[in-house]
């Protein structure tokens, strides 16, 4: 993308976040029905998820009708286009339905197959994290600033995050447990916020598995723009989801990959 295209699309990214915020915030900590999308388990979805994605899609269709869309709630449209928006209207729905403000609206742009723009908007905390892959920024109650990851070379010094150990299969779990035992601290329940904290230099890595494209692609430009690294567990591209490792320090990332690359391939 040209510099002007990046500027225009970044401004539009904030318009999309504004539309999502309007829908999510009016439902947070209010009365609404919670539906379950998963037979034999629990995968919640609310009116906030659906309405926020519908609002974002309407704006994209009006302003960029040739762009594709991949959304968690309403599927794929023109997903082979040069530019494709990737949407998770409420990442962290379990947090949302329990009133915990560790959720966010994720909006990403994939250009020619690569993540090029990303946004995490959290309207209850009045925070936004966004990035272009070259730089990343924060705006919120603490003011505005450029995001930067922090130095942390060793696992023993690292603070790490994951949404829940239940993400890991019985094959994967022992490898995560061994890393947790060595790390300084691991925190759970973070959803998309953990990745934002890597970009903000508040923690050092996130390890997760079983992710979908809309769970991770919007976060990659934010972390990479802040100086971090996002790959799968074998060092390949993570933008389609699956097993994901995000680190603030490339040296730590390499050490974690050496531990995770031994995990047998997913069936």
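Coordinate-derived values only; no laboratory data. On a predicted model such as this, the values are computed, not experimentally measured, just so you know.
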### Query
Which whole-angstrom value gives the distance between the alpha carbon centres of the range 228-266 and the range 148-206?
12 Å
### Summary
Scoring the chain by relative contact order with C-alpha pairs under 8 Å, at least six apart, yields a percentage of 16 percent
### Query
Among rounded, prolate and oblate, which fits the range 81-221 when a ≥ b ≥ c are the square roots of the eigenvalues of its C-alpha gyration tensor, a/c under 1.5 means rounded, and a/b larger than b/c means prolate?
rounded
### Task
Starting from the eigenvalues of the Cα gyration tensor, five times each then square-rooted, give me the equivalent ellipsoid semi-axes of the range 3-146, largest first, whole Å.
25, 20, 12
### Summary
When the chain is treated as a Gaussian network with springs between alpha carbons less than 10 Å apart, the largest mean-square fluctuation among 218, 89, 165 is found at 165
### Query
How many times 2.2 N^0.38 Å is the alpha carbon radius of gyration of the chain?
0.95
### Summary
Honestly the range 155-260 on the Cα gyration tensor test (a ≥ b ≥ c root eigenvalues; a/c under 1.5 rounded, otherwise a/b vs b/c for prolate or oblate) is just rounded
### Message
Compute the angle between helix 173-182 and the longest alpha-carbon principal axis of the chain, please, reported from 0 to 90 degrees and rounded to the nearest 10.
### Response
70 degrees
### Angle in degrees between helix 47-63 and the longest Cα principal axis of the chain, rounded to the nearest 10
60 degrees
## Note on the structure
Gyration tensor on Cα atoms of the range 210-267, a ≥ b ≥ c root eigenvalues, a/c under 1.5 rounded, else prolate if a/b beats b/c, else oblate, says oblate
